[in-house]
Amino acid sequence: MNTSAPIKVSIVEDDTTIRETLRSLFIFEDGMEAFTVHSTAEDAMMRLGETCPDVVIMDINLPGASGIDCVRQMSQRCNSTQYLMYTVHDDDHRVFEALKAGANGYILKSSTPDQILDAVRELSAGGSPMSAHVARRVVAHLRPTGTASSLAESGLSEREQQVLALLAEGLLYKEIGDRLGITVGTIKQHIHRMYDKLHVQNRTEAVNRYFGR
């Protein structure tokens, strides 16, 4: 039996059907809790400032203030909360504005329930999940300076450089494990060591280092 505290998930989504579908997903998932639900950014900013859930799933297009505005303000008040943008949009401007505002992950509403749950788990574990299509759009706008030698100078092993390169392609942990023939647990060990060596906190920062940003 899992005795650890459940991941508290809040949802900010103006579409009633989507909001209730997400809520039901977390109500029935072991190790997670549907903490609060909100239909507007204003309501979320008013009610979440003192409770600070573990993860907020945030729609971008909301009546009134946008999800990006909400994240920008909430990340100052709840800096331990992880923010997952959840939207139909994958255009470059919205992606980068959300990440600059403080979002830690960005997935599309076409994602499956399992992909949503995996994204929340990855966020809670310190990762930065992005739908593969979104990740590739981010990568396409970063110019590699490229360089295995500069990464090696940071102390990364050859295997850690391989893992980082696959992260930069937008692959999930399981996909990286399948590509390299190692377990997800081993992938996580490489990633934790890699973060320490690069002095970064999450996937986005590590990928930025890979591309010399």
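Throughout, read-outs are computed from the coordinates displayed, never taken from laboratory work. Because the structure is a prediction, the values reported are computed rather than measured. Neighbour counts run over all protein chains shown; Cβ positions are idealised from the backbone, glycine included.
Remark: GLU29, GLU160 ranked as GLU29, GLU160, counting other beta-carbon atoms within 10 Å and listing the fewest first.
In percent, rounded to a whole number, the relative contact order of the chain is 14, using alpha-carbon pairs under 8 Å and six or more apart. Helical content of the chain, expressed as a calculated mean residue ellipticity at 222 nm, amounts to -15000 deg cm²/dmol (DSSP H runs of 4 or more residues, -39,500 (n - 2.57) each, divided by residue number, nearest 500).
For the pair the stretch 51-83 / the stretch 151-213, the C-alpha centres are spaced 27 Å from each other. Computed over the chain, the quotient of the alpha carbon radius of gyration and 2.2 N^0.38 Å is 1.02.
Counting only alpha carbon atoms, the long axis of helix 184-198 and the longest principal axis of the chain meet at about 80°. When the chain is treated as a GNM, springs tying every alpha-carbon pair under 10 Å, which of HIS190, HIS93, HIS199 comes out with the largest mean-square fluctuation? In this elastic network of the chain, the residue with the biggest mean-square fluctuation among HIS190, HIS93, HIS199 is HIS93. Which residue, ALA135, ALA101, ALA65, has the most motion in a Gaussian network model of the chain that connects Cα atoms within less than 10 Å? Checking each option, the largest mean-square fluctuation is seen for ALA65.
Computed extension length for ARG121-SER4: 40.8 nm, one decimal, from 0.36 nm per residue of separation with the Cα-Cα distance subtracted.
GNM on the chain, alpha-carbon springs under 10 angstrom: the most fluctuating residue among SER154, SER66, SER128 is SER154.
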